[in-house]
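Student: Let me begin by handing over the structure; questions about it come next.
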Amino acid sequence: MIGTYLAVVAVCVSSLAIGQAALALCGARRWSWLAPAVGLALVCAFCWATVRMPGHGVVSALVILALTIVAAIYLRGRVEGGGEALRVGLPVALGALLATALPFAVEGHFGILGTGFNPDMSQHLLATDRLAQGVGSPLLHQGYPLGPHSVVVALDKGLGIGIVQGFDGLTVAAAIVAPLTALAAFSDQPWWRRTAAALLVGLPYLVASYFAQGAFKEVIQALFVLAFVLALRESTRAWRDLTLRYVPAALIAVGSVYVYSFPGLIWLAAIAVIWAIAEWATAKHASPAGDTAAGDPHSGGLRRSPSTWGRAAVTGPAGLRALSLALLVFLVGALPELGRMIDFHGFETFDPNGPGLGNLFGQISPFTALGIWPSGDFRLSPGSGAAPALAYFAGAAFAALLFVYGLIVCGRRRETTVLAGIVAVGLLYLAARVGGTPYTSAKALEVAAPLATLAILLPLSRRPVALLYVAAAGVCSLLAFANAPIGPTSYSPALTGLRPLLAGGSTLVLAPDSLLADEQGDRYIAWELRGGRVCIEPASGAGGRPPTGIRFFVTSGTSRAPFRRLSFRRQAGPYAVWERRGAIAGPSPCPLIAVRQARQGP
């Protein structure tokens, strides 16, 4: 617990300080809730840039520490509204912290998030362990984006907390930064309304569900897409007079490259193009008096006169100069990853004939993105869980009506950035649904969920009907958090390293009873030893003659042979491998743990 929350504090503090300093360098003089998202993007980029230097993460930890200290010193006396920001942000941060603590509280321990839902975390743990040792891994050689992994290495080397706690801390920190970022859209609301709205926009049902799977990349990417939209929104509001007003969005895009590689840029590029077209059309037809926004109480007091449009619009010399500077910043930050992005194009996820379902049972309903889906497992069809199917349909219909109404109101208020974001993520979901796999289309829905919730709550946050939506959608998000399985508390790559040896015969793994009973150990071990015939049983059942048909026996934390007639074969980290002496009688009783079977889970 201490290691996990130490990592949370480290990531949040560094992201807040570095992000706000970056905004101050762009000319912003007031505190902005886009700072933590910009800071997290920069932390991922800087850690990846330095993690392969001598020390294998020590340099990364020192660089982030130095940047945080320098940023804090630079911000002193340069930023207004710090005290107000603390008063506004503290309830949101505490709410997110409590929500993300639910999985650990329900399971009664800290450990690997999502082991029973999605065993992919094992690959990330292995890649991070190898990265910390300065050696290669399959993910590294395939061009897989390893920005978050390098942050975990820096946490491990800098704080000595372990990579399991590092991943937990990074995932929790991203889930705290997301609702803090959403505050940028609700800063003019009463405290209880903005707190509830920000929490729900930052942690809608699908984001909470992917958090429950330990899918840290998707949680961070959904945050970056939301932050990118709100950064573009601020470029025509609080930052409309700044020459570098588009640079914060560019920095978020740089972070997306190191978290999600080129697929992350597809979302951001689509949003930017649609937004630029909408802004150009809106600026062209704006009334001379600027009355489109002046009379709207929800416009944030923005009066768009012809001179203001000249400064804020994406066309014209000033706008093109601002866009060019932002593009230059993005290219400088992202070009070092170009070769790896090209390599990543061949990753198995992008193969339509590859593992299309992943850990899913079928296509995910698009209504899950609207937030009201009363199931602890988003993969289940309506009626398959505790709630009747009618509850799903009623909730989906209610949320859909609010969503359509929200789009209409956003159109009237000329919320071009929000609408551009909705159109972009909607089109990309349709493309993934038609031309991709259920696995990729589900991720597209998860990334779209914060924007869908924003489109519902931004126009409705002052209306009573919003309270009903917040209550229903909030319960669904909490249900997803509470249903998250928590796996082992520690990780060793030694079990994965035994796969070549154990592939030559059936294997019985004798695991600690607590690992199997309380920590989803059977799922974890099956994924670690995928590709062979594996049985998994409690260590307390060992003794006497070895079962027939099994050649290898793996034990943990013991130097004694679990059965008679075994010889010691190999020690691998905390695991000991024993081999049967003599001939192996009888067929193997152990099932084949195929790679795809282990990936899909139960």
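Student: Can you tell me which residue among W48, W33 is aromatic (F, W, Y) and closer than 20 Å to S235 by Cα?
Tutor: From the options W48, W33, the qualifying one is W33.
Student: Please specify each residue of segment 144-157 satisfying the condition of being farther than 20 Å from L338 by Cα and either modelled with pLDDT under 90 or touching a Phe, Trp or Tyr at 6+ places or on another chain (Cβ under 8 Å) (or both).
Tutor: V152, the sole residue that qualifies.
Student: Under the condition of being touching a helix residue (DSSP H, G or I) at 6+ places or on another chain (Cβ under 6 Å) and over 23 Å from A432 (Cα atoms), which residue from segment 256-281 is surrounded by the fewest Cβ atoms within 10 Å (Cβ to Cβ)? Before you say what the answer is, go through the steps one by one.
Tutor: Kept after step one, since they are touching a helix residue (DSSP H, G or I) at 6+ places or on another chain (Cβ under 6 Å), are these residues of segment 256-281: 256-262, 264, 267-268, 270-271, 274-275, 278-279.
If we keep only those that are over 23 Å from A432 (Cα atoms) as well, we get 278-279.
On the way: A278: 18, E279: 23.
The qualifying residue surrounded by the fewest Cβ atoms within 10 Å (Cβ to Cβ) is A278.
Student: For segment 102-136, name all the residues that are without any contact (Cβ under 8 Å) to a residue 24 or more places away in the chain and more than 22 Å from D156 (Cβ to Cβ).
Tutor: Initially, segment 102-136 is screened for residues without any contact (Cβ under 8 Å) to a residue 24 or more places away in the chain, giving 105, 123, 127, 135-136.
Correct list: A105 only.
Student: Any idea which of (1) within 21 Å of L223 (Cβ to Cβ); (2) touching a Gly at 6+ places or on another chain (Cβ under 8 Å); (3) at pLDDT 90 or above is the one L370 doesn't satisfy?
Tutor: Unmet condition: (2).
Student: Taking into account only those residues within segment 97-143 that are of a type in the set (S, T, Y) and modelled with pLDDT of 90 or more, which is farthest from G497 (Cα to Cα)?
Tutor: Checking each candidate, the answer is T100.
Matching residues to (1) of a type in the set (S, T, Y); (2) over 21 Å from L199 (Cβ atoms):
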residue: G406; (1), (2): no, no
residue: V409; (1), (2): no, yes
residue: R413; (1), (2): no, yes
residue: A420; (1), (2): no, yes
residue: V425; (1), (2): no, no
residue: Y429; (1), (2): yes, yes
residue: G436; (1), (2): no, yes
residue: L460; (1), (2): no, no
residue: A482; (1), (2): no, no
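Student: Here are L90, L97: which of them is touching a residue at least 40 places away in the same chain (Cβ under 8 Å), out of contact with any Cys (no Cβ under 7 Å at 6 or more places or on another chain) and within 23 Å of P450 (Cβ to Cβ)?
Tutor: On the way: L90 fails: touching a residue at least 40 places away in the same chain (Cβ under 8 Å).
Selected residue: L97, the only one of L90, L97 that is touching a residue at least 40 places away in the same chain (Cβ under 8 Å), out of contact with any Cys (no Cβ under 7 Å at 6 or more places or on another chain) and within 23 Å of P450 (Cβ to Cβ).
Student: Looking at segment 76-127 only, could you name the residues that are within 19 Å of the chain's Cα centre (by Cα), of a type in the set (V, I, T) and not in a loop (DSSP other than H, G, I, E, B)?
Tutor: The answer is V92, T100.
Student: Quick one: in segment 58-96, which of the residues that are small (G, A, S) and over 30 Å from R193 (Cα atoms) is surrounded by the most Cβ atoms within 10 Å (Cβ to Cβ)?
Tutor: Restricting to residues being small (G, A, S) and over 30 Å from R193 (Cα atoms), the top hit is S60.
The values are calculated or read from the model by the stated rules, or taken from the named source; none is laboratory data. All values derive from a computational prediction rather than experimental measurement. FYI the Cβ positions are ideal-geometry reconstructions off the backbone, even for glycines, and counts take in every protein chain you see.
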